[in-house]
Every structure is written in structure tokens, then in C-alpha cells.
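Notes follow once the structure below has been shown.
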Amino acid sequence: MRDINEHTAGEDLIIKTSVRLMVPFIQVFGLYVIVHGHYSPGGGFQGGVILGASFILLALAFGMKASQEYMTVSVNAVFNNLGPAIFVGVGVLCTLFGGLFLDYSALDNLIPLGVVEWRSFGIFLVEVGVGVAVMSIMVLLYWNLSSGGAMDEGL
Amino acid sequence: MKNLALLATLVTGALLLYGTKDFPAWGDPRDPASTYLSPYYIEKAIEQTHVPNIVTAVLGDYRGYDTMFETVVIYCAGMAVLSVLWRKKEE
């Protein structure tokens, strides 16, 4: 990975420095919002949008190429499909272990943790799927719309 | 033709507004939603899911199907933009 300062797309030193300082905290906050959705306002959609916004901020300040060094186009494509697949996969797994679709308590037959605990953990698994999908698709939409589909350079 | 479209829009809008007359009042404690569904979630959510945030419990568990298709809607939006705009770079 090259040094982020080599990219010249964003010329302004103040913007580049402040974005470089902010992005790690934004990403930690996004992860916090996803995993803390059980106890506070938040969850997959909100946390995913925050994570996606951090990559869009990178693209705005350092150029689209720089943001694609942190999440390449192919990794982004994998995440696009992985998110909904996690959600649907958890639902299908529930049916395979003798429950209804998305009835997480059926997963107790797979790993016995307790029925109620599995409902709680199933919600978490599903929220992670939502977060992955929302994050990568936000970034995909930004890349495509700002570069007219070429996904190499734009805003 | 334009006037006809305007007339159709106005008539439909008026009918929809007329329909809202039969809605329960905003925040009415005796409307159907607050007499049997909301109390069930509020009383049973922690006991059944161990999730203190009832909104998350409803979204993730009771209405999991709805949330799944919300994700699919976002996925479809991404794929639609990709299929319309994406082009290979000219080498």
C-alpha cells in the first residue's frame, strides 16, 4: 500500500489532514453502532451508512483511486453479495435445523447456547449482514455516480 | 389530455384524503395497534429475545422478513446503478 500522501487529487492540506485524522474514528464509531444496536439506537443500516461514509470521505479528500486501495472494486463486489447472503443464509440455516425461516431459536439445535440467547445472537448476525451490504453498496453507488460508471476518477 | 390527468390526480387525492377520515386519531390509546400489538412487544421483547432495545428486537426478530427485503432493496438499487452506468475502462 502506498503512502496516502502521494495522491494529489485533494490539494488542500487542511482537508487531507483532517480527513486522515477523522476516518479511523468514524470507522470505529460505525462498528460500534453496528455491534451496540442491541442496547442503544443503531444497528446494521445506520452503522453501515457511517462506515460507507468514511470511504466516501476518503474518496472526496484523496481521490477515488486512494479509496480503492482500502477497498478494492473486487472486494467491494464480494461485500455487495456477501451482505444479503449472510442475512438469507442465516434464515435458511434456521429452516435446515427445524425452525421457521428467520426463527433464530432453531439454531439452538446447531450449537446449544439457549433458545433466547440464540434469538439475541441471530439478530446480531443479521445486523452484521445488513451492515456489510449497506456499507459496500453506499460506496459502490458513490463510485459509479461520481465517475459516470468508469470507477477510476471522479469527484 | 393534461386536464384529464390533472382531474384524475385530484380525484384520487381527494378520495385518499376522504379515506383518512376513518383513521384512528393520532396517538389514540384505544386504536387497534396500541391495544394488542404494541403491548405484546413491550411486555415480551426482553423475555423472548434478551434485547433491551425493543426497536432492534422488532426489526431483527419479529419483523425479520421485512428487514431482509429492505436489504434486498438496497442490493437491487446498487445492482441497478451498476448495470446502467458501469463500463469497462478502455485499455
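The values are calculated or read from the model by the stated rules, or taken from the named source; none is laboratory data. Values in this document were obtained by computation on a predicted structure and should not be read as measured data. Here the Cβ is made from the backbone with ideal geometry for all residues, glycine too, and neighbour counts use every protein chain on show.
Just one residue in the set A:V90, A:V78 is of a type in the set (V, I, T), in a helix (DSSP H, G or I) and more than 10 Å from every other protein chain (Cβ to nearest Cβ); that residue is A:V78. Residues B:L15, B:L6: which one is over 29 Å from B:L59 (Cα atoms) and loosely packed, with under 10 Cβ neighbours inside 10 Å? Every option except B:L15 fails the conditions. The residue of the stretch B:48-90 that is nearest to A:W143 (Cα to Cα), among those that are part of a helix (DSSP H, G or I) and among the polar types (S, T, N, Q), is B:S83.
Filter the stretch B:40-57 for residues that are within 11 Å of A:I123 (Cα to Cα) and either among the basic types (K, R) or surrounded by fewer than 19 Cβ atoms within 10 Å (Cβ to Cβ) (or both) and give the result. B:H50 - this is the single residue of the stretch B:40-57 that is within 11 Å of A:I123 (Cα to Cα) and either among the basic types (K, R) or surrounded by fewer than 19 Cβ atoms within 10 Å (Cβ to Cβ) (or both). State which residue is farthest from B:H50 (Cα to Cα) when the search covers only the stretch A:107-144 and only residues that are facing chain B (nearest Cβ under 7 Å) and free of Cβ contacts under 8 Å to residues at least 12 places away in the same chain. Across the stretch A:107-144, the extreme among qualifying residues is A:N144. Summed over the stretch A:51-63, the residues that are in a helix (DSSP H, G or I), touching a Gly at 6+ places or on another chain (Cβ under 9 Å) and surrounded by fewer than 22 Cβ atoms within 10 Å (Cβ to Cβ) give a count of 2. Just one residue in the set A:G89, A:G129 is surrounded by 18 or more Cβ atoms within 10 Å (Cβ to Cβ), farther than 20 Å from B:L85 by Cβ and at pLDDT 90 or above; that residue is A:G129. Of the residues examined, B:G27 is one that is within 23 Å of the chain's Cα centre (by Cα) and on the phi > 0 side of the Ramachandran plot. A residue that is more than 10 Å from chain A (Cβ to nearest Cβ), more than 30 Å from A:A85 (Cβ to Cβ) and within 17 Å of the chain's Cα centre (by Cα) occurs somewhere in the stretch B:37-44.
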